[in-house]
Every structure is written in structure tokens, then in C-alpha cells.
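Okay, so here's the structure we're looking at.
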Amino acid sequence: MKHYLIISLCYLVSAVNAFSLPDRRDAFIGIATATAGILSSAEPASAVGAEAFVGTYSDPINHPGGTRTIKLLGEKVGDYQLAEVQGGGGRGEPANYVLPAAVIGDRSIVIDFSPKGGPK
């Protein structure tokens, strides 16, 4: 459930980066809609640690029709488990892309969206 909140917060980050701050009602609706879409497309989180983030997800608010698949790489750097996100095919995004990511402990994931033109 923890990573659903992080992905849902991307809605707010994208709104801030577009120079238009959402009001509280729009932010709540966006988070609720994004969370519902993500929950409906994800498998139950029975894995623990970094493995809890592994799976295929969608972004129905920002890029309908696209997918993101998170997989862990074999490397660890301290408390960071290296990962990558393979995705694409959604409206307004490249057909295919690979994004670097790192899982920190077992509570959060950081994804660098700059290779596909997103926030850094």
C-alpha cells in the first residue's frame, strides 16, 4: 500500500511542474482516481522489502493505455536496491522507455523520469 501513495503523489508533482497548483478538491479527486486505477491494475502486495514494488502498473490519469513494469536489478548500494522501470505505449509518452530507479529500504522508491522528459 505504501508504494501506491508514492505513485499517486506523482499527480501532485506533475500539477506543480505544470505551473498550476491544484486546489484541495482537485488534488483529492486526482489522488483518489489515480489510487483507484493503480489498485485495480496491481496484484495484492504480498511481497516484503524491495520486492513489494515489483510488478506492472498503469497511469490512467496522465498516460492512459500505457504500462510501467518495475523490476529489481541484481545490484545493491548500501540500503539502496537498484531497479528499473520499463514502460511506454500510453497517450503522450514514448512508445518504449527505460528509467533508472532505486528502492530505499522497504518503504519508498525513487524513479528518475528525466530520460522521458519528466520531472528530475
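The values are calculated or read from the model by the stated rules, or taken from the named source; none is laboratory data. What you are looking at is a predicted structure, and each value in this text was computed from that prediction instead of being measured. Quick reminder, even Gly has a Cβ in these numbers, built from the backbone with ideal geometry, and neighbours come from all protein chains shown. What goes into the accessible areas is simple: the full protein's heavy atoms, side chains included, and nothing from ligands, DNA or RNA. Shrake-Rupley method; radii C 1.70, N 1.55, O 1.52, S 1.80 Å.
Some notes on this structure:
- Taking strands (runs of 3 or more DSSP E) as the structural unit, those lying wholly within segment 73-120 and holding at least 3 residues that are in contact with a Phe, Trp or Tyr (Cβ under 8 Å, 6 or more places away or on another chain) and of a type in the set (Gly, Ala, Ser) correspond to 80-88.
- Residues that are acidic (Asp, Glu) and either at pLDDT 90 or above or open to solvent by less than 20 Å² (accessible area, probe 1.4 Å) (or both) within segment 65-92 comprise just one, GLU84.
- Scanning segment 69-89 for residues that are more than 14 Å from the chain's Cα centre (by Cα) and small (Gly, Ala, Ser) turns up GLY74, GLY78, GLY89.
- Neighbours by Cβ (under 7 Å, 6+ apart or cross-chain): first from segment 50-77, among the hydroxyl-bearing types (Ser, Thr, Tyr); second part of a loop (DSSP other than H, G, I, E, B): TYR57/ALA42; SER58/GLY66; THR67/SER58; THR67/GLY89
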